[in-house]
Amino acid sequence: MYWACGPAEHSPDQAQESPPDQPLLLGRIDFPTSGAPAAQEEFDLGVLALHSFWYEEARDHFRKARELDPGFAMAYWGEAMTHDAPLQGTRGVQDSKAGQAILDQLDERQAQGKLQWTAREQGFVDALRPLYRERGSPKGRRAFAAAMEQLAARYPDDDEAVIFAALARMSAARVQRGFTWADSAFVEPLAAILEEVYQRRPEHPGVVHYLIHVYDSRTFAHRGLDLARFYARLAPASSHALHMPSHIFRWLGMWEEMAASNEDSYVATVQWQERTGRPLYKRDFHSIDWLLDAYLKLGRLQDAQGLIDEFDAVAREARRRGEKLDLIPYNAIMFKSRYQRVALAVGRTDVRLPVTEEIDVASMRPGQGARFIGYRAAVAGQDSLFRLSVKRVRAYSRIPTLRRFENYLQAVAHYLDAVHARARGDAAAALESARRAMEGERREKAPPDILGSELYAELLVEQGHAQEARSLFAQLLEMRPQDPLYVLGLARAEAALGSEGEAVRFYRELLDIWRNADADLPALKEAQDYVQQHGAQ
């Protein structure tokens with residue numbers, strides 16, 4: 001199988017395309033408008049693609065609809081919608097300039113008397129205006145959600161208004177401080193709206209897609225399992241639809257299924273990019289981020305290394321072609337850091353990935369990988385680069401838009417301090433810094449990750465605090481079932497406490513998760529030896 005890697009977060013333009021001689025398989029909608037029949041067909045395809053976050057494909061269809069019917073107002077609305085990715089990142093990702101330009105063109109045609117629309121269609125357009133006027137800010141997302149809810153209330157039989165209103169509410173909620181998808185007060189009413197539409201329109205891709213996002217938490221994941229499996233079959237033309245089941249699989253510890261989901265997703269987008277001749281950075285690399293995680297969870301480090309190697313090859317090829325790199329360099333940094341962290345945790349102490357990239361850490365913007373550079377530098381003993389990276393991470397909390405993440409950013413800095421101290425052999429300093437990282441993470445209702453808590457638990461076992469380690473690993477495992485590092489930590493803690501039966505149970509659970517793992521993993525041999533020695537007792 002061919003692999004190649006790239007950005008972990010996809011942009012609104014990254015998507016997948018079906019072969020030119022095959023129809024798109026994206027589900028079904030019923031969205032009548034005032035457009036001409038031929039334009040309506042293109043419009044429907046655009047909306048189907050839009051519901052699967054296939055923005056570039058959707059834009060192509062909306063533009064064709066405009067060509068077929070230049071006065072088709074909803075085709076302008078659809079094209080403008082493709083310039084906003086409402087659930088990407090913490091605030092959504094938007095090309096405000098491009099989106100507003102489409103609305104300006106619509107207004108120009110209206111001023112010329114060359115636009116046709118109904119009052120309902122004008123409602124869709126007017127609801128969208130604050131989203132771009134406020135440049136995708138929390139204020140703009142709240143205003144858009146409120147306007148869409150009003151539109152849905154005015155036209156309660158319009159499923160598209162109801163569905164897009166639900167999506168707008170989801171986007172607006174995500175920009176709130178401390179919001180999590182485990183909040184029943186938000187999830188249950190929204191789920192009820194979408195589930196009601198789903199009962200009537202089970203083949204609507206937006207309903208299925210957005211319900212998966214609504215159920216994307218440890219609390220509700222079990223309710224999304226059937227939907228997740230169905231979505232990939234409903235809209236197989238979309239690489240995002242092939243990927244989305246992962247959002248449920250991860251909470252249920254279904255690592256094999258998560259890997260297969262993202263293998264399919266990435267193969268599809270590679271085929272699209274090669275077939276259409278687009279530059280390499282246009283691939284939907286989001287699936288590779290998740291595929292790497294699945295391989296690492298499964299103990300398949302050789303496969304994970306293969307992804308990283310081919311990712312480097314893609315970067316070299318993009319440079320050879322003179323193409324835009326976009327987020328490729330950032331993801332190369334991130335993937336190597338994550339691979340090294342897991343490799344060391346399972347005993348592969350031979351893995352060393354010092355920073356060799358030519359990077360100006362002092363000028364790295366948020367999201368470009370300063371913390372990942374800091375991790376690798378800490379492990380490799382590149383002290384000057386490590387200190388510079390930590391300084392940069394701490395500085396991010398002074399950026400106005402990131403002040404809400406101050407606790408988390410400080411936690412990241414403490415985590416890096418702990419990694420550095422551990423690498424130097426300063427056990428006491430490592431434990432204290434990891435504890436402070438964990439406390440910082442706990443001050444955030446929904447931290448992006450919990451690496452400080454994980455490291456603190458590992459250090460507790462290493463330094464003879466098995467009782468406290470057992471309790472912490474149990475908490476972590478409850479949050480993220482079937483995580484092999486937590487199962488391994490519990491097995492080690494139980495063994496240190498002399499609870500051989502419990503240690504055997506957890507080691508056996510680890511062996512089951514790692515049934516297809518690389519045979520040379522030290523932690524795998526550790527589990528096998530312990531079970532062999534104590535399993536019959």
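Read-outs throughout are calculated quantities, based only on the coordinates presented, and are distinct from any laboratory measurement. What you see is a predicted model; the values in this text were computed from it and never measured. Note that we place each Cβ from the backbone using ideal geometry, even for glycine, and neighbour counts take in every protein chain shown.
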Neighbours of LEU26 by Cβ distance under 11 Å: Lys/Arg at +1, Asp/Glu at -1, summed charge -2
Cα-based Debye curve of the stretch 465-537 sampled at q = 0.15, 0.21, 0.23 Å⁻¹ gives log₁₀ I(q)/I(0) of -0.44, -0.85, -1.00
For the stretch 105-150, listing trypsin sites (Lys or Arg not before Pro) in a DSSP loop whose Cβ sees at most 16 other Cβ atoms within 10 Å gives LYS114, ARG135
Lys and Arg at +1, Asp and Glu at -1: neighbours of GLU509 with Cβ under 12 Å from its Cβ sum to -1
Proxy exposure order for THR276, THR269, THR219 (fewest C-beta within 10 Å first) is THR276, THR219, THR269
Restricting to Cα pairs under 8 Å and 6 or more apart, the percent relative contact order of the stretch 465-537 works out to 27 percent
Rounded to whole angstrom, the alpha-carbon centroid of the stretch 480-506 lies from that of the stretch 309-341 at a distance of 36 Å
The helix 427-442 Cα axis meets the longest alpha-carbon principal axis of the chain at an angle in degrees, between 0 and 90 and rounded to 10, of 30 degrees
Of the candidates GLN100, GLN112, LEU45, the farthest towards the positive dipole end of the stretch 44-151 (Lys/Arg Cβ +1, Asp/Glu Cβ -1, centred on the Cα centre) is GLN100
Loop-resident trypsin sites (Lys or Arg not before Pro) in the stretch 225-329 with no more than 14 other Cβ atoms inside 10 Å, DSSP not H/G/I/E/B, are LYS324
Tilt, helix 370-380 to longest principal axis of the chain (alpha-carbon atoms), in degrees rounded to tens, equals 20 degrees
Going fewest to most other Cβ atoms within 10 Å around each Cβ, MET254, MET148 line up as MET254, MET148
Between GLN94 and residues 5 or more places away or on another chain, the pairs with built amide H atoms under 5 Å apart involve ALA85
The Kirkwood hydrodynamic radius of the chain, taken as the inverse of the mean 1/r over all distinct Cα pairs, in Å, comes to 24.7 Å
Computed ³J(HN,Hα) along the stretch 467-477: with the Karplus parameters 6.51/-1.76/1.60, θ = phi - 60°, integer Hz and x for glycine or proline, the list is 4, 5, 4, 4, 5, 5, 4, 5, 5, 5, 5
In degrees rounded to 10, the 0-90 angle between helix 522-534 Cα long axis and the longest Cα principal axis of the chain is 60 degrees
Long-range alpha-carbon pairs in the stretch 37-237, meaning those over 25 Å apart, account in percent for 35 percent
With only helices counted (DSSP H, runs n ≥ 4, each -39500 (n - 2.57)), the per-residue ellipticity at 222 nm for the chain, to the nearest 500, works out to -21000 deg cm²/dmol
The residues LEU477, LEU26, sorted from fewest to most surrounding Cβ atoms within 10 Å, come out as LEU477, LEU26
Cα-based Rg and Dmax for the stretch 357-408, in Å, come out at 11.1, 33
Distance in Å, no decimals, from the C-alpha centre of the stretch 169-199 to the one of the stretch 396-444 is 31 Å
Counting only DSSP loop positions in the stretch 20-108, the trypsin sites (Lys or Arg not before Pro) whose Cβ has at most 15 other Cβ atoms within 10 Å are ARG28, ARG91
Of the candidates ALA523, VAL504, HIS465, the farthest towards the positive dipole end of the chain (Lys/Arg Cβ +1, Asp/Glu Cβ -1, centred on the Cα centre) is HIS465
